[in-house]
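Please treat every number below as a calculation from the coordinates, not as lab data. Here the structure is a predicted model, which is why all the values come from computation and not from measurement. Every residue, glycine among them, receives a Cβ derived from its backbone with ideal geometry; neighbour counts consider all protein chains shown.
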Amino acid sequence: MVLSGVAVEAIELEEAEAALAEVQAHHKTFGTMKWGKVSKTKYYVYRDYVDRFFELRGADILHFHSLTVDTTRLDHSWFNFGNRELGFSKFIYQLLCKFGREYGRNYDLHCYLDDRTTKQPLEELREIVNNGLRKKGIQGDPLRRIQFAQTEDEPMLQINDVLLGALASRCNEHHIKPGAAKHKCDLAEHVLARAGITNPLRGTPYRERSFTTWMFRLQRRV
């Protein structure tokens, strides 16, 4: 399982959205951009789309951070009282704390999650994340807002979905499975090459700040 997010300063959001929209306009392709919509005929649309992300990354406008979990080793019965949703929320918490550690000392953070059904109030999650950041010495409740958003309404969620899909595809070795779609395999390979990642299951070096992967180390039963 791979979770991820894109970071952008509010002052640069409009520029980033316009740059991504320009790619779609150039290819006369409109609508929601998602990994699930990558097709043979739209391969070059999506290739140019992720290339635009990497241009914005190079300009230090967009960053991407991900967390990967080996679900074959998850033990919800022992660690999460048998509650899978609780387990999922813990990983969301870990990813948000990573963003908080990266940016929370200098910025107020506003988080927009891809919409999903959950019993956990988002305000509760916000408080838990801020409490976790305080333990890391980050004061002042940097996570100011957390809310759900619809992917079709948010270009940042769309580019995140495409990058996430490419990364998850490689983590799950879809490229070596029978009947694998070549256009998706090629796009995933292109994303990793642009990111300078040879093994998506190995975390990126600590010095890397703009495109990171984190293989989460699960606790063992004691």
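In this simple spin-label model, placing a label point 7 Å from the Cα along the Cα-to-Cβ direction at both Asp51 and Tyr206 gives a separation of 3.6 nm. Structure remark: mean-square fluctuation, Gaussian network model of the chain, C-alpha springs under 10 Å; the largest value among Arg73, Arg105, Arg57 belongs to Arg73. Simple point charges give the picture: +1 on the Cβ of Lys and Arg, -1 on the Cβ of Asp and Glu, and for the stretch 93-141 a dipole about the Cα centre of about 320 debye.
Build a GNM of the chain with springs between Cα atoms under 10 Å apart, and of Thr151, Thr71, Thr204 the one that fluctuates most is Thr71.
Evaluating 6.51 cos²θ - 1.76 cosθ + 1.60 at θ = phi - 60° for every residue in the stretch 202-213, the Karplus couplings come out as 10, x, 6, x, 4, 5, 6, 10, 10, 8, 10, 10 Hz, glycine and proline recorded as x. Relative to the Cα centre, the charge distribution of the chain, modelled as +1 at Lys and Arg Cβ and -1 at Asp and Glu Cβ, gives a dipole magnitude of about 1120 debye. Where is the GNM fluctuation largest for the chain (alpha-carbon springs, 10 angstrom cutoff): Tyr206, Tyr112, Tyr46? Its mean-square fluctuation being the largest, the pick is Tyr206.
Applied to the stretch 37-42, the Karplus parametrisation 6.51 cos²θ - 1.76 cosθ + 1.60 on θ = phi - 60° returns per-residue 3J(HN,Hα) values of 9, 5, 10, 4, 6, 9 Hz, with x for Gly and Pro.
Near Thr118, no amide H atom lies under 5 Å from its own; only residues 5 or more places off or on other chains count, and H is placed 1.01 Å from N.
Of the DSSP H helices in the chain, those that are both long (alpha-carbon extent of 15 Å or more along the helix axis) and hydrophobic (Kyte-Doolittle mean at least -0.5) are 10-26, 84-103, 155-171, 182-195.
Using a cut-off of 31 Å between Cα atoms, the listed pairs Lys34/Lys135; Lys37/Lys98; Lys136/Lys184; Lys28/Lys119; Lys40/Lys119 include Lys34/Lys135; Lys136/Lys184; Lys28/Lys119; Lys40/Lys119 as exceeding that distance.
Taking every DSSP beta bridge that has both ends in the stretch 2-215, the antiparallel portion is near 35%. Amide H to amide H, with H built 1.01 Å from N, Phe148 comes under 5 Å of Leu113, counting only residues 5 or more places away or on other chains. Calculated mean residue ellipticity, 222 nm, the chain: -15000 deg cm²/dmol, from DSSP H runs (n ≥ 4) at -39500 (n - 2.57) each, averaged per residue and rounded to 500. Between Phe211 and Phe64, the built amide H atoms are under 5 Å apart, and every one of these is 5 or more places off in sequence or on another chain. Working from Cα pairs under 8 Å separated by at least six residues, relative contact order for the chain is 30 percent. Applying D = kT/(6 pi eta Rh) to the chain, where Rh is the Kirkwood radius over alpha-carbon pairs, T corresponds to 10 °C and eta to 1.306 mPa s, the Stokes-Einstein value obtained is 86 µm²/s.
Gain on full extension, evaluated as 0.36 nm per residue between Glu124 and His175 minus their Cα-Cα distance, stands at 14.4 nm.
Net charge in the neighbourhood of Gln24 (other residues with Cβ under 14 Å of its Cβ; Lys, Arg +1, Asp, Glu -1) is +1.
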